[in-house]
Amino acid sequence: MWPTTKLYYRSYHYSLKLFSLIFPFPRPALYQGEQALNQLIDRIKINKQKSLLLVTDNVLQELGLLEPLVELLIKHEISHTIYSDVQPNPTIENVENGLNAYLNANCQAVIALGGGSVMDCAKLIGARVVKPKKSVAQLKGLFKVLKKLPDLYAIPTTAGTGSETTIAAVVSDPLNKQKYAVTDLVLMPKVAVLLPELTLKLPPHITAATGMDALTHAIEAYIGVNGNKFTDDRALKASKLIFENLQNVYQEGGNLIQRNNMLLASFYAGEAFTRTSIGYVHAIAHNLGGLYGTPHGLANAIVLPYILKWYGKKAHKSLAKMAVNCGIGLEYPTDSDKANAFITAIDKLNQDMQIPKGLPELKKSDIKKLAKKALKEAHPDYPVPKFMTLNACEQILNKLLV
Ligand SMILES: [Fe+2]
């Protein structure tokens, strides 16, 4: 890579870092514990919101996960309309249908109860409420909304995406075969409600994949060049909680304290990466997801150790700090040994959760195209510790062939 290109990328990264220091990100209020839902109801009443749109998906509704919230809303005479048709990759049509439900019922705020797809769809419904003349496609990219949204209260049902505390929403446009993000400070939810009981019924492979997504958020936020004191603290807290709890909740999902710790980890990792951005693991995982439909967390989990090894010396210091914070590699004297112990621990965590080392769906003939797309996504946006050439990216993808 040309030195001038690197200089351009780094100037871009530092300008983003400067922006985040000048314009501090809003933060959602965090409600947890037995009174969390009551706190939410109190907040809705204080805000004098009498009609709400409840965004969710059909699986969660059939599992009865909405019931405690719906009962409370009824008890407190807060009218609500349920929009439950959000698909696993929310589409523009989902957003528009949700918007119609919101407008028809004269809603004043939105509750999102679900995974990242549901929360992202709810964010975009809010964006369309305040931008009635703009299509979702016209809101694509950075800071296109710039208007206060109806209050959004987010209740995650997976511990992974961190969307309850991020400023981005991803949407699919099946007609144009596109998937893109709308990113704006106004998309930040007002409240995040962490209810571990909602995650008890998650199948183990979803617990594993979403947990590894959160770990990838924490690591990419921490080793990138745009971290600050706050994001470093959040990334360290998140990774420690994940190493202490993820394997247990994968094996025995019924422990509410451990489930809550994973929700907290996902929240902390979300707080970190929404301020720092992500890195090559996500760039490759997004494109594997786009081409083959590989679940996001699973793709991240598989790619993560390869990229960390590839960073080599450039990431040793930060990975060593993260390792020590997680109680990993303490017996080793050097940063490189500690960093390698950390990568080995990730490999082992993957192995213990039946996450494979490669992707059966990956075709050799697709590798060039995938590498190009991944680097196009990463450059210049992602503040990675070391820049990757096309050839290096292809070599990493080759290692994922099974
Ligand atoms: Fe992610």
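Quick one: in the stretch 55-83, which of the residues that are among the hydrophobic types (A, V, I, L, M, F, W, C) and free of Cβ contacts under 8 Å to residues at least 12 places away in the same chain is farthest from Leu99 (Cα to Cα)? Looking at residues that are among the hydrophobic types (A, V, I, L, M, F, W, C) and free of Cβ contacts under 8 Å to residues at least 12 places away in the same chain, I get Ile74. Scanning the stretch 348-362 for residues that are surrounded by 17 or more Cβ atoms within 10 Å (Cβ to Cβ) and part of a helix (DSSP H, G or I) gives Leu349, Asn350. Quick one: is Lys134 part of a loop (DSSP other than H, G, I, E, B), surrounded by fewer than 13 Cβ atoms within 10 Å (Cβ to Cβ) and either in contact with a helix residue (DSSP H, G or I) (Cβ under 9 Å, 6 or more places away or on another chain) or not basic (Lys, Arg) (or both)? It is false that Lys134 is part of a loop (DSSP other than H, G, I, E, B), surrounded by fewer than 13 Cβ atoms within 10 Å (Cβ to Cβ) and either in contact with a helix residue (DSSP H, G or I) (Cβ under 9 Å, 6 or more places away or on another chain) or not basic (Lys, Arg) (or both). Residues that are in contact with a Gly (Cβ under 6 Å, 6 or more places away or on another chain) and away from the ligand (no atom under 13 Å from the Cβ) were ranked within the stretch 146-164; the one that is nearest to Ala29 (Cα to Cα) is Leu152. Taken over the stretch 1-43, residues that are among the β-branched types (Val, Ile, Thr) and under 16 Å from Gly227 (Cα atoms) amount to 1.
Of the residues making up the stretch 162-177, at least one is surrounded by 24 or more Cβ atoms within 10 Å (Cβ to Cβ), over 22 Å from Gln61 (Cα atoms), among the β-branched types (Val, Ile, Thr) and in contact (Cβ under 8 Å) with a residue 40 or more places away in the chain. Here Lys179 fulfils each of the conditions (1) within 22 Å of Gln87 (Cβ to Cβ); (2) away from the ligand (no atom under 16 Å from the Cβ) apart from (2). Taking the criterion of being aliphatic (A, V, I, L, M), within 16 Å of the ligand (Cβ to nearest atom) and touching a residue at least 40 places away in the same chain (Cβ under 8 Å), the residues of the stretch 193-243 that qualify are Ile206, Ala208, Ala209, Met212, Ala214, Leu215, Ala218, Ile219, Ala221, Ile223, Ala235. The number of residues in the stretch 272-297 that are under 13 Å from the mean Cα position of the chain (by Cα) and more than 14 Å from the ligand (Cβ to nearest atom) comes to 1. For the stretch 246-271, name all the residues that are part of a helix (DSSP H, G or I) and more than 16 Å from the ligand (Cβ to nearest atom). Within the stretch 246-271, Gln247, Asn248, Val249, Tyr250, Gln251, Leu256, Ile257, Gln258, Arg259, Asn260, Asn261, Leu264 qualify. Going by the structure shown, is Leu30 under 22 Å from Val110 (Cα atoms), touching a Pro at 6+ places or on another chain (Cβ under 7 Å) and either without any contact (Cβ under 8 Å) to a residue 24 or more places away in the chain or not aromatic (Phe, Trp, Tyr) (or both)? No; evaluated as a whole, the condition is false for this residue.
Based on what the data block shows, is Tyr153 among the aromatic types (Phe, Trp, Tyr), within 20 Å of Tyr382 (Cα to Cα) and not assigned by TED's automatic domain parsing to the domain that holds Gln351? For Tyr153, the condition - among the aromatic types (Phe, Trp, Tyr), within 20 Å of Tyr382 (Cα to Cα) and not assigned by TED's automatic domain parsing to the domain that holds Gln351 - is not met.
Restricting attention to the stretch 163-199, the residues being hydrophobic (A, V, I, L, M, F, W, C) and outside any strand (DSSP E or B) number 8.
The values are calculated or read from the model by the stated rules, or taken from the named source; none is laboratory data. None of the values given here were measured: they were computed from a predicted structure. No Cβ is skipped: glycine too gets one built from the backbone with ideal geometry, and neighbour counts run over all protein chains shown.
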